1. Enumerate the residues in the stretch 107-126 having an amide nitrogen under 18 Å from the point lying 7 Å beyond the Cα of Ala137 toward its Cβ.
2. Say each of Ala207 and Val3 gets a label point 7 Å from the Cα, pointing the same way as Cα to Cβ; how far apart are those two points in nm?
3. Determine one quarter of the surface area of the Cα convex hull of the stretch 86-201, which equals its mean projected area, and express it in nm² to one decimal.
4. Whole-Hz ³J(HN,Hα) for each residue in the stretch 169-174, computed from phi via Karplus 6.51 cos²θ - 1.76 cosθ + 1.60 with θ = phi - 60°, x for glycine and proline: what do you get?
5. Using only the heavy atoms of the protein chains and a 1.4 Å probe, how would Arg13, Arg76, Arg131 rank by accessible area, largest first?
6. For a test of the definition: using alpha carbon positions, the gyration tensor, and the 1.5 limit on a/c, classify the stretch 44-121 as rounded, prolate or oblate.
7. Beyond 23 Å, what share of the Cα-Cα pairs of the stretch 1-133 is found? Please give it as a whole percent.
8. Regarding the chain, what is the average projected area of its C-alpha convex hull, in nm²?
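The values are calculated or read from the model by the stated rules, or taken from the named source; none is laboratory data. As the structure is a computational prediction, the values presented were derived from the model and not from experiment. FYI the Cβ positions are ideal-geometry reconstructions off the backbone, even for glycines, and counts take in every protein chain you see. Accessible surface areas use protein heavy atoms only, side chains included; no ligands, DNA or RNA. Shrake-Rupley method; radii C 1.70, N 1.55, O 1.52, S 1.80 Å.
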Amino acid sequence: LAVSADEQAETGRLFVTLSDAIKVLGDDHQVLATWPLPNNDMLMTSIAVAGEDVFVADAGNRMVWRFNVTGEVTGRIGEADAARQIPGFVIPHLNFDIVAGSEGLLYCVNPGKLQVSTYSFDGDLGSSWGRAGSTIADFFGCCNPTHIARFADGRFVTSEKGIPRIKVYSTTGELESVVAGPAQLGISEQSLGDPRHGVNQAVFDIALDSAGRVFVLDPITKTIRIFAPIS
């Protein structure tokens, strides 16, 4: 789900991915349009809106589709292309999140490489940051982070699975703080790494508000946890 913001065209419209289509809803929540999918193998995992562009992460084809606001495909981002020095996304599972910036940049989780990569809206690869490791600044496991969000000042918030934790990184990918670890997310130390508890597969989606609060969707307790910055 993505919502067009105040500075964007058609303010308040909702863009919703379903298993077989993308629907556009007005601010009265009535369906305005249904976009057919351009590819039968699409597995949509994230959607983002920036101005006249709508971006859809596709874990099935390991790429991001670029649409205009009428549903026409205008580009494909992240496909492996040696000539353009684009290695492609590594998507082991359905954890493929994106965030569109107002500055014309798209931020994409590349979970199999344990990185966050930046692309232009035209598909040129910019910088990437993140590294595999066991320290708190690293991304641990086979495929993290699972989700990202961005503050208005450009800093990132990431969510990880396996050892669930929410962290804040600078605009260049340096760890600044930890919002929540397993204990703050209600995960007991005994259940970590134990497949009987289902914690390893639990994915905590995240969203931000203008006050700097972090909203965490908890699939285990079926609640929304809210973390506020310490003033």
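1. Zone members listed by number: 114-116.
2. Each label point is offset 7 Å from its Cα along the Cβ direction, giving 0.6 nm.
3. Mean projected area for the stretch 86-201: 7.3 nm², to one decimal.
4. These are the phi-based 3J(HN,Hα) values: 10, 5, 5, 9, x, 8 Hz.
5. Listed by decreasing accessible area, they come as Arg131, Arg76, Arg13.
6. prolate
7. 30 percent
8. 13.1 nm²
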